[in-house]
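Let me begin by presenting the structure, written as structure tokens, before commenting on it.
The values are calculated or read from the model by the stated rules, or taken from the named source; none is laboratory data. Keep in mind it's a predicted model, so treat the numbers as computed, not measured. Note: ideal-geometry Cβ built from the backbone for every residue, glycine included; neighbour counts use all protein chains shown. Heads up: the accessible areas ignore ligands, DNA and RNA and are worked out on the full protein's heavy atoms, side chains in. Shrake-Rupley method; radii C 1.70, N 1.55, O 1.52, S 1.80 Å.
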Amino acid sequence: MQQQEQTKLSTGISDLSTMNFDISDEQRLILNVVDEACKKIRPIEDNCYLERKLNDKVLPIFNDAHLLGLPVSRNYGDGQGADALTYALALERVGQEGTGVRTFFSGHTSLGQLTLQKWGNDEQKELYLPKTTKGQMIMAFGLTESTAGSDPASLKTNFEEKGNYYYLNGSKAWISNGSIADLHVVFAYPKGKTDSMCAFLVEKDSEGFQAEAIKDKLGLPTSDTGLLYFSDCKIPKENMLGPRGKGLGIAYSALMSGRLSVAAGCVGVAEDCLNEAVRYARERVQHKKKIGKHQLVQREITQISLELETSRLLTYKAALQKARSDADPQNVELRDVADWSIAQAKYCAANASFNAADHAVQVFGANGYSFENRPARHLVDTRVCRIYEGTDQILEQKIAIRLLGNEFESFS
Ligand SMILES: Cc1cc2nc3c(=O)[nH]c(=O)nc-3n(C[C@H](O)[C@H](O)[C@H](O)COP(=O)(O)OP(=O)(O)OC[C@H]3O[C@@H](n4cnc5c(N)ncnc54)[C@H](O)[C@@H]3O)c2cc1C
């Protein structure tokens, strides 16, 4: 039954009959809370965006709404135990407020907390997870380096073991929440080796650790992207995360959750672009008509709506497949199918959101070119979604390789 929707019927048509997108009362309740928090964030985000400064109210607003542990098990602090679909729906709503707000959320929850929850031992989870759900510790995920992006296996950060500590040396680049986080998931090789990557939990106050914000970014002015530096950074032995030598697998599993959150956020961006384009086309008059009466303007709106709905369906489908995989973690086929669906959803939604922003800017004309209006912000901010957590090119190849067979993989 579980694998039925992955197989084809005898007619060759994919069987999606077990896909159920119904929302329960409990899910609706969570989404209402998310909606209320997002309404509070909007005016603050508007101001911060125009002043190009970090929106430091996102954290307390989400925290007051008990949302900072949304996908974390209820066993830990303010964890809400949201399943993958509920989480995706929540991130879709957050995405409407902008990719900066959503990136903060994804870095903390999908890449940080869910990685700790999946791979941490009981002591690590009890020590850190409750604090992360209550806003006492913000998380970040440090995989990328200045010379290792799409190919994380080529990273250079390394560690040595001395007594009861590991000493990390190296640096990380382009880390969401990097300069504001209290707890980082960091990846490094044993010194002198290029295999057996390991993952670590690094507290911001660790000796030999430094972080700084990247200032000259194309977009995301209201959320933090940082550089991390490790100079004989002293980590207690109990802070190795997951099995020794399995760091790359840990990183890839984190990217599954991360990509789903990007896809969901991008659906939200496209939704916001649609709402803005429709509102503006109903109001703006040119040639003595509401511009919405001009058929070529109608086409812009149709294009947004088609890409929005396509990516929304792919994202919900991927979320359900992730939920099934989460419920049966030993099932490799379910995991691979979820991974593939998430790659499709992320690729499709990232492009849909960028195209939606572009169409919405067109509907707004010159007003679309101003950061006073949301389409311009979405256009620059959502561009990163085609780069981080798997570029368009990496995902295009990942999607094809599952169909062609692993022997067609051109990179490992
Ligand atoms: C705002 C922002 C936030 C980020 N947040 C995080 C974070 O929280 N944590 C983290 O670890 N990283 C983060 N990243 C880094 C991000 O994941 C990387 O930028 C991404 O993986 C791409 O790596 P790269 O930038 O080094 O590009 P490269 O890997 O150098 O790629 C350059 C170009 O070559 C293409 N290319 C590379 N390899 C292949 C191939 N085999 N086949 C075809 N084309 C290929 C790419 O698609 C791309 O077009 C963030 C980046 C940004 C911009």
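Structure summary
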quantity	calculated
The lone exception for Thr302 - which of (1) in contact (Cβ under 8 Å) with a residue 60 or more places away in the chain; (2) open to solvent by 40 Å² or more (accessible area, probe 1.4 Å) it fails	(1)
Test: residue in segment 88-98 that is in the same structural domain as Asp195 (by TED's automatic domain parsing), farther than 22 Å from Ile235 by Cβ and either assigned to a loop (DSSP other than H, G, I, E, B) or touching a helix residue (DSSP H, G or I) at 6+ places or on another chain (Cβ under 8 Å) (or both)	no
Qualifying residue in segment 227-234 (condition: within 16 Å of the ligand (Cβ to nearest atom), under 16 Å from Ile138 (Cα atoms) and touching a helix residue (DSSP H, G or I) at 6+ places or on another chain (Cβ under 6 Å))	no
Sole residue being of a type in the set (D, E, K, R) and within 19 Å of His108 (Cβ to Cβ), chosen from Lys215, Lys204, Lys246, Lys191	Lys204
Total residues in segment 199-253, condition open to solvent by 40 Å² or more (accessible area, probe 1.4 Å) and either of a type in the set (Phe, Trp, Tyr) or on the phi > 0 side of the Ramachandran plot (or both)	3
Scan of segment 109-132 for residues that are closer than 13 Å to Asn239 by Cα and crowded, with 24+ Cβ neighbours inside 10 Å, ordered by number	Leu116, Tyr128
Count - residues of segment 257-283 that are among the hydrophobic types (A, V, I, L, M, F, W, C), open to solvent by 20 Å² or more (accessible area, probe 1.4 Å) and touching a residue at least 40 places away in the same chain (Cβ under 8 Å)	1
Which numbered condition Ser150 misses (of (1) touching a residue at least 24 places away in the same chain (Cβ under 8 Å); (2) within 16 Å of the ligand (Cβ to nearest atom); (3) buried (at least 17 other Cβ atoms within 10 Å of the Cβ))	(3)
Close pairs from segment 200-227: first in a loop (DSSP other than H, G, I, E, B) and of a type in the set (Val, Ile, Thr), partner open to solvent by 40 Å² or more (accessible area, probe 1.4 Å) and within 12 Å of the ligand (Cβ to nearest atom), Cβ under 9 Å, at least 6 apart	Ile214/Trp174; Ile214/Ser179; Ile214/Leu227
Segment 181-198 - residue that is open to solvent by 10 Å² or more (accessible area, probe 1.4 Å) and part of a loop (DSSP other than H, G, I, E, B) and, of those, nearest to Ala148 (Cα to Cα)	Thr194
Residue list for segment 351-392, restricted to those being polar (S, T, N, Q), touching a residue at least 24 places away in the same chain (Cβ under 8 Å) and open to solvent by 20 Å² or more (accessible area, probe 1.4 Å)	Asn351, Asn355, Gln362, Asn367, Asn373, Thr391
Qualifying residue in segment 173-180 (condition: in a helix (DSSP H, G or I), touching a Phe, Trp or Tyr at 6+ places or on another chain (Cβ under 7 Å), within 13 Å of the ligand (Cβ to nearest atom) and not hydroxyl-bearing (Ser, Thr, Tyr))	no
Odd one out for Gln136, checked against (1) outside any loop (DSSP other than H, G, I, E, B); (2) of a type outside the set (A, V, I, L, M, F, W, C); (3) away from the ligand (no atom under 12 Å from the Cβ)	(1)
